[in-house]
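K.L.:
Sending over a structure as structure tokens; questions will come in a sec.
Values quoted throughout were computed directly from the atomic coordinates according to the rules given, and no laboratory measurement underlies them. Note that this is a predicted model, so its numbers are computed, not measured. Methodologically, a virtual Cβ is constructed for each residue, glycine included, from the backbone with ideal geometry; neighbour enumeration extends over all protein chains shown.
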Amino acid sequence: MIRAVAFALMITAAAPVVLSAQTMPPKQALPKSELSFGYSYLFRDYRHTQLNPVSGGMNGWDAAYAKPQLFGEHFGFTADFAGYYANGGFFTPQIYFVTAGPRYSLSAGRSIITVHVLGGAMFASGDVIAQTSSHVVPVFGVGGGFEYPAGRRWAWRAHCDWLLGGFGSNDTNQISQIVKNNARLSLGPVLRF
């Protein structure tokens, strides 16, 4: 009994020393501005037709500029630019996105978690399909990302978006709506300043 009480007193006396050594890492301060760039993958191809049933995604690039604290401590703005290219097959479309919108950023330890809503335009080369009704259509999206610091001014970013938008066709032999919704994944470095 005396040993149990002595052990309990020793644990109680040592607890403040042990707990003070368990400090949390400092939170990452949100930067004033960010410039990111890197590889991006569009999951569904924009050349699905009855004559050319191609499946798979498109490789490309993504670049973005963000002001994480433009409207307060956590609310900011982002502008995003992306290009995607298809290889092989009869149609070899090139798709470009120009989007912008509000962004919410939250520090999680040394990392930063982001959520954004985007709106803008999707541009396509002339051979997306022979009879497209337009080569420019509106696009909207929602997504989020995760940034892990690689240095004082650098971080690695991964983000995913769900995009709403697609091309219509005037040709009754073609599928009337070409990929109405799409998802993309982007990876790359972030320069913070």
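K.L.:
For SER111 and PHE75, what does the FRET efficiency come to when R0 = 22 Å and r is the distance between their Cβ atoms, rounded to the nearest 0.05?
P.N.:
Details: r = 19 Å, r/R0 = 0.84.
With R0 = 22 Å, the Cβ-Cβ based efficiency is 0.75.
K.L.:
Here's a follow-up. Tally Lys/Arg at +1 and Asp/Glu at -1 over every other residue whose Cβ is under 13 Å from the Cβ of PHE193; what's the total?
P.N.:
Values: positive: LYS32, LYS67, ARG152, ARG153, ARG192; negative: GLU34.
Neighbour charge sum, excluding PHE193 itself: +4.
K.L.:
Additional query: What FRET efficiency comes out for the pair ASN181/SER125, r = Cβ-Cβ distance, R0 = 35 Å, nearest 0.05?
P.N.:
0.95
K.L.:
Also: First measure r as the distance between the Cβ atoms of PHE140 and PHE193, then evaluate 1/(1 + (r/R0)^6) with R0 = 30 Å and state the FRET efficiency to the nearest 0.05. The partial results should precede the final answer.
P.N.:
Values: r = 29 Å, r/R0 = 0.97.
Taking R0 as 30 Å, the efficiency between PHE140 and PHE193 is 0.55.
K.L.:
If packing is taken as the average count of other Cβ atoms within 10 Å, what order do 142-151, 58-67 fall into, highest mean first?
P.N.:
Working: 142-151: 16.3, 58-67: 19.3.
Top of the packing list down: 58-67, 142-151.
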